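Here is the structure we will look at.
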Amino acid sequence: MGCHSTRQRGLEVEQNAVKYDALANWRRVMDMSRDMLEGARTADWDRVCRLQEERFALIRRFFAGSPSGESLDLIRPDVNALLDMDAEVEELGNRARQKIAEGLQSLNKGKSVRKAYGG
């Protein structure tokens with residue numbers, strides 16, 4: 001009986017360690033999400049793209065580990081915050097893309113005008 005309960009405790013410790021690693025990874029996901037938002041707000045799109053790739057890998061790893069119901073309950077409030085941050089990053093990205101498109105249109109008009117006047 002002593003060996004069985006020792007093995008049981010060992011399994012519990014191992015399960016708790018796995019749960020802790022998963023939650024530590026999730027905290028990293030949230031940190032990266034905040035960093036991505038800051039990057040988007042400062043138009044550091046290289047940083048945003050780099051962080052997005054790393055963050056996606058962590059999210060995939062978190063859910064591939066089949067998180068427990070307890071772990072999912074712990075992250076549930078974060079999911080809405082993450083979705084809000086992603087929506088703002090996307091909106092800022094769309095605005096930046098539109099601004100670049102407008103700048104390119106202006107450059108193309110300038111080239112057309114120059115060409116029309118023999119330049």
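Quick notes on this one:
- Taking segment 47-100 as the range and being more than 21 Å from D35 (Cα to Cα) and surrounded by 15 or more Cβ atoms within 10 Å (Cβ to Cβ) as the test, the residues that pass are P67, S71, L74.
- Qualifying residues in segment 36-76 (those that are of a type in the set (D, E) and in a helix (DSSP H, G or I)) - the one modelled with the lowest pLDDT: E70
The values are calculated or read from the model by the stated rules, or taken from the named source; none is laboratory data. Please read all numbers here as calculations on a predicted model, not as lab measurements. Using ideal geometry, Cβ is built from the backbone for each residue, glycine included, and neighbour counts are taken over all protein chains shown.
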